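Here the structure comes first, spelled out in structure tokens, and everything after it is commentary.
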Amino acid sequence: MKILVTGGAGFIGSNLVRHLVNKYPDYRIVNLDKLTYAGNLESLRDVESNPAYTFVRGDICNGPLVTEVFEEYGVECVIHLAAESHVDRSILSAEEFLRTNVLGTYTLLESARRYWSRKGSSKRHVFVNVSTDEVYGSLGTEGVFTERSPYEPNSPYSASKAGADHLARAYFKTHGLPVVTTHCSNNYGPFQLPEKLIPLVILNALEGKELPVYGKGTNVRDWLYVKDHCTALDLVLHRGMPGETYNIGAGNEWRNIDLVKRICRELDELIPDSPHVPHSSLIRFVKDRPGHDMRYAIDATKIRSELGWRPGHGFEEGLRDTIRWYMENIEWCNRVRSGAYREYYEKNYSRR
Ligand code: NAD
Ligand code: TYD
């Protein structure tokens, strides 16, 4: 199978490329990534010389380039992850979100439609549109998101992802493009940029820096280990029904403040001699994020019952492995936190 993965140098993309290359040595995996501040080829060092893997640097908004990639590699399936992905950045400036997430998704859908209809082959094609649970908006204390929940995006990020999802749906309905959309909850694990909550808290705590908790810290997120997201995408790629959508999540809800305290406790145990013990003394409540969704929670019954997916990692084990990974990969962290990252950190946190 010849698979185009977009955004394969990002957090989930790099974990997915590794999963596919190791599990299916006879497949061809082409990773198309622009290498924005969020893309890092270092995250794929261990697979870069694998003959099943090819990297192409490029922008998914560049139609001629995307078409060339389809033709040159004979792309049969797409797993589309390339995106601007951070809510706080979308609040500071939304334009790049609209460009990449909406126009980029359109460019890929249109290129796939043209290429696959021109080829007219008997191969099974599928376009996996990797979306988020954030398109459903915010829950109160009760209830969960199902595939039938209405779209109510509240941030420029989630609105741009919603726009992409509507286009993907329209390409299935209008053109019969075999699109499958997934809505996953918050991921955590190795290779996540430390602008997102879990790695930010781990690294700041290790360095004795403040741990910024937005508002009262009572917002709830439903956490999934990234490797479990990859097994779900693998199943959707092979067995997902065109035109269907699948929610992905492990039913692992945490209030932000409880999660941050939990990470602090883990660090206290792992490095009892640190001058920053107890790490929880570093917690600072800071000004809330505008439009901050209160709670996300996923009902993953459909992917469990129809595709047989099960998460393979408990939260305790996943969180501990993640903390250890960041402690053992400080070099990677330092490199991704240089330059552009520091500028963003200053902009987002200095006046909170
Ligand atoms: P990320 O920000 O870590 O990585 C995004 C990747 O896309 C980077 O490698 C970047 O270089 C690339 N990219 C950005 N703009 C591009 C462009 N115009 N052309 C080509 N490449 C471009 O993101 P992530 O956390 O790995 O998320 C991947 C996907 O999964 C996104 O679509 C996101 O919306 C979705 N998602 C993420 C989560 C999460 O918790 N991280 C949860 C659910 C869904
Ligand atoms: P984040 O990792 O940015 O993911 P998302 O906004 O996509 O859910 O944030 C997770 C939660 O943590 C969210 O409720 C916002 C909160 N948060 C903080 O309290 N402090 C921080 O510094 C960050 C980055 C996030």
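Descriptive notes on the structure:
- Scanning the range 339-352 for residues that are open to solvent by 60 Å² or more (accessible area, probe 1.4 Å) and outside any helix (DSSP H, G or I), we see that the one that is farthest from ligand 1 (Cβ to nearest atom) is Arg351.
- Single residue of the range 281-298 satisfying the filter (touching a residue at least 24 places away in the same chain (Cβ under 8 Å) and not in a loop (DSSP other than H, G, I, E, B)) that is surrounded by the most Cβ atoms within 10 Å (Cβ to Cβ): Ile298
- Flag: Ile298 does not match the condition of being of a type in the set (Val, Ile, Thr), within 15 Å of ligand 2 (Cβ to nearest atom) and farther than 20 Å from Leu233 by Cβ.
- Here Arg148 meets the list (1) within 16 Å of the chain's Cα centre (by Cα); (2) open to solvent by 20 Å² or more (accessible area, probe 1.4 Å); (3) farther than 30 Å from Arg320 by Cα almost entirely, failing just condition (1).
Table: residues versus (1) away from ligand 2 (no atom under 16 Å from the Cβ); (2) aromatic (Phe, Trp, Tyr); (3) farther than 23 Å from His166 by Cα.
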site	(1), (2), (3)
Val56	yes, no, yes
Asp59	yes, no, no
Val69	yes, no, yes
Ile79	yes, no, no
Leu92	no, no, yes
Tyr106	yes, yes, no
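- Within the range 238-262, the set of residues being farther than 30 Å from Val78 by Cα and surrounded by 22 or more Cβ atoms within 10 Å (Cβ to Cβ) comprises Leu259, Val260.
- In the range 195-214, residue farthest from ligand 2 (Cβ to nearest atom) [restricted to those that are part of a loop (DSSP other than H, G, I, E, B) and open to solvent by 20 Å² or more (accessible area, probe 1.4 Å)]: Gly208
- Unmet requirement for Glu142, which otherwise passes all of (1) part of a helix (DSSP H, G or I); (2) surrounded by fewer than 19 Cβ atoms within 10 Å (Cβ to Cβ); (3) at pLDDT 95 or above: (1)
- Residue list for the range 126-155, restricted to those being within 13 Å of ligand 1 (Cβ to nearest atom) and of a type in the set (S, T, N, Q): Asn129, Ser131, Thr132, Ser155
- Residue within the range 182-194 that is within 16 Å of ligand 2 (Cβ to nearest atom), among the β-branched types (Val, Ile, Thr) and within 18 Å of the chain's Cα centre (by Cα) present: yes
- In the range 1-35, the residues that are without any contact (Cβ under 8 Å) to a residue 60 or more places away in the chain and surrounded by fewer than 18 Cβ atoms within 10 Å (Cβ to Cβ): Asn22, Tyr24, Pro25, Asp26, Tyr27, Leu35
- Exactly one residue out of Thr6, Thr67 is within 26 Å of Arg114 (Cβ to Cβ) and more than 9 Å from ligand 1 (Cβ to nearest atom): that is Thr67.
- Failed criterion for Glu266 (all others in (1) charged (D, E, K, R); (2) within 16 Å of ligand 1 (Cβ to nearest atom); (3) farther than 28 Å from Glu76 by Cβ; (4) assigned to a helix (DSSP H, G or I) hold): (2)
The values are calculated or read from the model by the stated rules, or taken from the named source; none is laboratory data. Values in this document were obtained by computation on a predicted structure and should not be read as measured data. In this analysis, Cβ positions are derived from the backbone assuming ideal geometry, glycine residues included, and neighbour counts consider all displayed protein chains. Just the protein is used for accessible areas: all its heavy atoms, side chains included, with ligands, DNA and RNA removed. Shrake-Rupley method; radii C 1.70, N 1.55, O 1.52, S 1.80 Å.
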